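The values are calculated or read from the model by the stated rules, or taken from the named source; none is laboratory data. Source: prediction; values computed, not measured. In this analysis, Cβ positions are derived from the backbone assuming ideal geometry, glycine residues included, and neighbour counts consider all displayed protein chains.
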Amino acid sequence: MSGACRGFACKLVICATVALLLPALAPSAETLAYSCLSHCYGTVTWNGLVDGGNVNISVNNTYMNNGVYFITNELWLNDIGPTCTIDGLPVNVSWVEVGMMAQGGNYFYFWADCRPGSLFVSHRLANVPSSDFGKTPYFEITRVSSSSFKVSVVSPNYVRTEYSQSNSMVPDQIVIGEELYGTSGGWADEASWTSSQYIHSGYHYYQTRDGDRKDINAPVQAWWAVVPAPGNNGGDWRARCGCGS
């Protein structure tokens, strides 16, 4: 988002600049405080060349009253090395991301990319339908050509396909989990990331091992409810944020 270092890049660099309504319980969030202007995470990462990734993410109560700060539950597909630019800051990673974002009292589906040699761009999609709560929508990012990636959101009540074009990424990293930016005004109930898969040459394969890296920064809490292993369908990653409570 404009005015804030976004996504996986914030794990690699110090930010040069510090982006269905849920009224119930929201006022209490205003009294809480935390320090996540350099972003806080509850994520797990797998390294290795892939063509894409997919995961199911549960829709639970997630709230942010601020119009600049945000909380996301999402999937990232990264290419470490190629430079893209976010808020005027070049970073040595390019990526595509998709998921759900709480911001300004709204909770909505979104996707974004920071393509090699280009700028970070975020795309707000539809508000998460109230009937999607308690469900586990499917999210996928997959390469469809040497310069294009398909981004998919499939829920019981919303389906959307977008494309990241003119994108020369060669993905070598998949990340799933929660991201928090800001200092107050937000919280997120426990969410799950299940049926996590990587995509190679058009085939989908369940993750069968713990990730190569975890980033877990208070107040975000994250853990494996079920560690990926052969036969358990990609594991079950969990994250929540009391955000100061």
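Being over 21 Å from F70 (Cα atoms), assigned to a strand (DSSP E or B) and not aromatic (F, W, Y) is the filter here; which residues of the range 200-245 pass it?
Across the range 200-245, the qualifying residues are H200, H204, R213, A225, V226, D236.
Limited to the range 79-138, what total is found for residues that are farther than 24 Å from G186 by Cβ, in a strand (DSSP E or B) and of a type in the set (S, T, N, Q)?
Within the range 79-138, residues that are farther than 24 Å from G186 by Cβ, in a strand (DSSP E or B) and of a type in the set (S, T, N, Q) number 4.
Restricting to the range 163-189, and then to whatever is among the aromatic types (F, W, Y) and either surrounded by 24 or more Cβ atoms within 10 Å (Cβ to Cβ) or closer than 22 Å to A222 by Cβ (or both), can you tell me which residue is nearest to the chain's Cα centre (by Cα)?
Kept after step one, since they are among the aromatic types (F, W, Y), are these residues of the range 163-189: 163, 181, 187.
If we keep only those that are either surrounded by 24 or more Cβ atoms within 10 Å (Cβ to Cβ) or closer than 22 Å to A222 by Cβ (or both) as well, we get 181, 187.
Details: Y181: 12, W187: 16 Å.
Looking at the filtered set, the residue picked out is Y181.
Identify, by number, the condition in (1) at pLDDT below 95; (2) closer than 20 Å to E179 by Cα that G231 doesn't meet.
Checking G231 against (1) at pLDDT below 95; (2) closer than 20 Å to E179 by Cα, the one that fails is (2).
When you check V144 against the structure, is it among the aliphatic types (A, V, I, L, M), touching a helix residue (DSSP H, G or I) at 6+ places or on another chain (Cβ under 7 Å) and either crowded, with 18+ Cβ neighbours inside 10 Å or part of a strand (DSSP E or B) (or both), yes or no? Break it down into steps so the answer makes sense when it comes.
Details: among the aliphatic types (A, V, I, L, M): yes; touching a helix residue (DSSP H, G or I) at 6+ places or on another chain (Cβ under 7 Å): no; either crowded, with 18+ Cβ neighbours inside 10 Å or part of a strand (DSSP E or B) (or both): yes.
It is false that V144 is among the aliphatic types (A, V, I, L, M), touching a helix residue (DSSP H, G or I) at 6+ places or on another chain (Cβ under 7 Å) and either crowded, with 18+ Cβ neighbours inside 10 Å or part of a strand (DSSP E or B) (or both).
Got a number for residues in the range 55-69 being of a type in the set (F, W, Y) and either buried (at least 24 other Cβ atoms within 10 Å of the Cβ) or touching a helix residue (DSSP H, G or I) at 6+ places or on another chain (Cβ under 9 Å) (or both)? Steps first, answer last, please.
At the first step, the residues of the range 55-69 found to be of a type in the set (F, W, Y) are 63, 69.
So of that shortlist, the ones also either buried (at least 24 other Cβ atoms within 10 Å of the Cβ) or touching a helix residue (DSSP H, G or I) at 6+ places or on another chain (Cβ under 9 Å) (or both) come out as 63.
Counting residues in the range 55-69 that are of a type in the set (F, W, Y) and either buried (at least 24 other Cβ atoms within 10 Å of the Cβ) or touching a helix residue (DSSP H, G or I) at 6+ places or on another chain (Cβ under 9 Å) (or both) gives 1.
List every residue pair whose Cβ atoms sit under 6 Å apart, with the two residues 6 or more apart in sequence or on different chains, where the first one lies in the range 99-128 and is more than 19 Å from V175 (Cα to Cα) and the second, anywhere, is of a type in the set (K, R).
Note: pairs meeting the criteria are F108/R124; L125/R160.
Of all the residues that make up the range 100-118, how many are of a type outside the set (K, R), under 18 Å from the mean Cα position of the chain (by Cα) and over 14 Å from Y181 (Cβ atoms)? Break it down stepwise before answering.
Here is the first cut: in the range 100-118, the residues of a type outside the set (K, R) are 100-114, 116-118.
This time we only want the ones that are under 18 Å from the mean Cα position of the chain (by Cα), so: 100-104, 106-114.
Those still in the list that are over 14 Å from Y181 (Cβ atoms) too: 100, 106-109, 111, 113-114.
Qualifying residue count, the range 100-118: 8.
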